[in-house]
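What follows is a set of notes on a single structure, which appears directly below.
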Amino acid sequence: MITMFRKFFAIMTLMLLLFLSGCVEQVPEEPGFLQGSEQEPLDFIPVGDTVIPPEPAPIPGNCEAMERQVDKDTCIFATALEENDVSQCSNLSKLWQRNDCVSSVARQKFDTSLCEHMESAFGEDNTNAKNICIADVALGVLYTDECNQLVGESWEERCWGRVSAICSEIASGSWREVCIKKSAIESGDKEKCLQLHGFEKDTCLEEIAASYQNPAICDEIEDETIKESCLERTSLGVEPELE
C-alpha cells in the first residue's frame, strides 16, 4: 500500500515539474456565455432582439415604399381621407378595408354617390353594402359642428331633416328603417324611434333605454322578448350596441 502511494506521489511530482518548466502548454480558460473576457467581452443579447430598420413615413405618395402590408394599408387609408379621394380605397388589400375606406370618404364628403364603390362579399350585387354606406353618411350628419350646437326646432329642421333625407335615398323600406334607427340611437331621442315599426322600433327603444339606463323606456316596447332583454340591460348596465 505504501509502495503504491509512493509511485502516485512520484508521478504527480513529475507532472508538476513538467508543467512549471513550460513543457506542458497551459490551455487558456474559455469565456463563459455571460462572462466574456478582458480582450473581447461578450454581451448578452436576448433571442429575437434584432434591430428593425425604420419604415418610410406613412405620407401620401409614399405608400408603395412601405414594406409591411399593414403599414401600406394604413398609409393608403390615410391618403384617401386626406385627399377625399375614394379611388385610393381600391388599393387596399382586403375587401372590408376597401368598404370601410369608401364609407369613410363618403361620410366625410356627405356624398352618397360614392357609395356605389362599395363591394359585396356575396357576388356582384352591392345593394346591401351601398345601403350601409348611405346609413353611415346619414349618421355622420349628427357629428357635424353645426348639429352639435343646434337645439330644438332648428336641430330638427337642419339636422334630423337632413338625416331623414339621406335615409330616404335607400330604395328598400327595411334598410331605410335601419338607417333611421342608427341615427335615432346616436341622437339619443326615443321619439325618433317611434317613426319606425315593429322590430326596428322596439330594438331602437331598447338601445336608447340601455344607453341612458332608463328602464321606463322599455315599457314602450311591444315585443315581450325584446322588452325583457331591455329590462335586463337597464338593470345590469350593459352598454348599447349598434347593429
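The values are calculated or read from the model by the stated rules, or taken from the named source; none is laboratory data. As the structure is a prediction and not an experimental result, all values here were calculated from the model. A quick note on method: Cβ atoms are made from the backbone with ideal geometry, for glycine too, and the neighbour counts reach across all protein chains shown.
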Conditions (1) within 27 Å of Ser113 (Cα to Cα); (2) over 28 Å from the mean Cα position of the chain (by Cα); (3) buried (at least 16 other Cβ atoms within 10 Å of the Cβ); number of the one not met by Ile185: (2)
Verdict on Asn91 being touching a residue at least 12 places away in the same chain (Cβ under 8 Å) and not assigned by TED's automatic domain parsing to the domain that holds Phe199: yes
Taking the residues in the stretch 110-129 that are surrounded by 14 or more Cβ atoms within 10 Å (Cβ to Cβ) and among the hydroxyl-bearing types (Ser, Thr, Tyr) as candidates, determine which candidate is farthest from Glu177 (Cα to Cα). Ser120
State whether the residues of the stretch 56-64 include one that is part of a helix (DSSP H, G or I) and either charged (D, E, K, R) or modelled with pLDDT under 95 (or both). yes
Single condition Cys179 does not satisfy, out of (1) hydrophobic (A, V, I, L, M, F, W, C); (2) assigned by TED's automatic domain parsing to the domain that holds Ser103; (3) surrounded by 13 or more Cβ atoms within 10 Å (Cβ to Cβ): (2)
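Please specify each residue of the stretch 97-120 satisfying the condition of being assigned to a helix (DSSP H, G or I) and without any contact (Cβ under 8 Å) to a residue 24 or more places away in the chain.
Arg98, Asp100, Ser113, Cys115, Glu116
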